[in-house]
Amino acid sequence: MTTTQPSPTAAGSGSSATEAFRAARSTASGPSGVAPERVSAVLTSLLAGIHETIRSEEVTYDEFQAAKQFLIEVGEGGEWPLLLDVFVEHVVEDVASRTQSCTKGSILGPYYLPGQARLESPATLPQRPDEQGTVLVFSGQVRDTGGNPLPGAEVDIWQADEQGYYSGFAPHLPEGNLRGVVVTDSAGRFEIRTIEPAPYQIPTDGPTGKMIEAAGWHPWRPAHLHLLVSAPGMRTITTQLYFRGGEWLDSDVATATKPELILDPADAGDGTHTVEYDFVLERP
Ligand code: MBD
Ligand code: FE
């Protein structure tokens, strides 16, 4: 790949995700404490899995110390959100989705930033005057499980640009670029004008990237749009949408694709792509 832009350094992306996570966490109204029985049950099971791996793989002292060094570097590099979201979150989402009958979900990932520009539909996502990439007009409707449209629903969308970089996590991009909260109209409909993102590469110069390379894996996610779709009284959907025929669709490093979440944009005849996708929200 030839590019005139700086490469996605670990310092510019993965580590900023630690600050974003801390900021979100400090305002979250999560559980204040977890019962000791629960802590004990989960920890016992987690440790049993690690112990069993050491026995079955006959892990050596050298390998144990290398693992310790790696974990220290993940923390120092601020890459815990990146590492956990790429390799663990998809299973948490899978378990959470067992009780859902709304539009399929996917992982949140490390690059969500709250408080973006609120835009009436039809909307154009904030972008640079010379934003590169195929124009995509993404429209649809937000409904409840009874088929009733949800006016005033929020479609919070964020995505990488045509080089695979996220604003807020790549120093050369303006704040809020390709991020926005689009509000559905009186018919529950939204229309969002944006560009098609590029696939995302995990920064190769940080501990997560180095681990992937050491294992001989690839560091790519297929091109995707991130979405949080919400309405008063409804369960918020966290999901992602992908593109038919896109590279890495069948080998996402984050294991976060689902067949129901693949868009198939059509050419409008002028090089612009259009696509429709509807969201169904359910009550909590
Ligand atoms: C991403 O863009 C992403 O969506 C996830 C889940 C992990 C790393 C980068
Ligand atoms: Fe992403």
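Assorted remarks:
- Hydrodynamic radius by Kirkwood, which averages 1/r over all alpha carbon pairs of the stretch 38-196, in angstrom: 19.3 Å
- Rounded accessible area per residue of the chain, 1.4 Å, Å²: 54 Å²
- Angle between the chain longest axis and helix 14-27 axis [Cα atoms, degrees, rounded to 10]: 80 degrees
- Electrostatic bookkeeping for Leu83 treats Lys and Arg as +1 and Asp and Glu as -1; over the other residues with beta carbon under 11 Å from its beta carbon, the sum is -4.
- For a modelled paramagnetic label at Val183, 7 Å from Cα along Cα-to-Cβ, the residues of the stretch 118-141 in reach, with backbone nitrogen under 16 Å, are 118-124.
- Principal semi-axes in Å for the chain [√(5λ), Cα gyration tensor, largest first]: 33, 24, 17
- Environment charge of Gly206, counting only residues whose C-beta is closer than 9 Å and scoring Lys/Arg +1, Asp/Glu -1: -2
- The charge dipole of the stretch 121-206, taken about its Cα centre with unit charges on the Cβ of Lys, Arg, Asp and Glu (plus for the first two, minus for the last two), comes to roughly 220 debye.
- Net dipole in debye of the chain [+1 Lys, Arg Cβ; -1 Asp, Glu Cβ; about Cα centre; nearest 20]: 800 debye
- Across the stretch 242-284 the C-alpha pair distances fall into 5 Å bins from zero in the proportions 5, 17, 21, 18, 17, 13, 6, 1, 0 percent.
- Test item: Cα-centred dipole of the stretch 191-284, Lys/Arg +1 and Asp/Glu -1 on Cβ, debye: 440 debye
- Fraction of accessible area attributable to carbon and sulfur, the chain (%, probe 1.4 Å): 54 percent
- For a straight C-alpha distance cut-off of 18 angstrom, the lysines reachable from Lys104 (same-chain residues fewer than eight places away being disregarded) are Lys258.
- Kirkwood hydrodynamic radius computed over the stretch 141-235 comes to 15.5 Å, based on all pairs of distinct alpha carbons.
- Tilt relative to the chain, helix 61-76 - C-alpha long axis, 0 to 90 degrees, to 10: 40 degrees
- Seen from Tyr242, the other residues with C-beta closer than 13 Å to its C-beta sum to a net charge of -2, counting Lys and Arg as +1 and Asp and Glu as -1.
- For the stretch 44-130, radius of gyration divided by Kirkwood radius, i.e. Rg to Rh on alpha-carbons: 1.15
- Spatially proximal lysines relative to Lys68 (Cα-Cα < 16 Å; intrachain offsets below 8 disregarded): Lys210
- Here's the picture: a label point sits 7 Å out from the Cα of Ala266 along the beta-carbon direction, and within the stretch 122-166 the residues with their amide nitrogen under 15 Å of it are 137-140.
- Taking each residue as 0.36 nm, the span from Val92 to Ser139 lengthens on full extension beyond its C-alpha to C-alpha distance by 14.0 nm.
The values are calculated or read from the model by the stated rules, or taken from the named source; none is laboratory data. As the structure is a computational prediction, the values presented were derived from the model and not from experiment. So basically every Cβ, Gly included, is an ideal-geometry build from the backbone, and we count neighbours across all protein chains shown. Note: areas computed on protein heavy atoms with side chains; ligands, DNA, RNA excluded. Shrake-Rupley method; radii C 1.70, N 1.55, O 1.52, S 1.80 Å.
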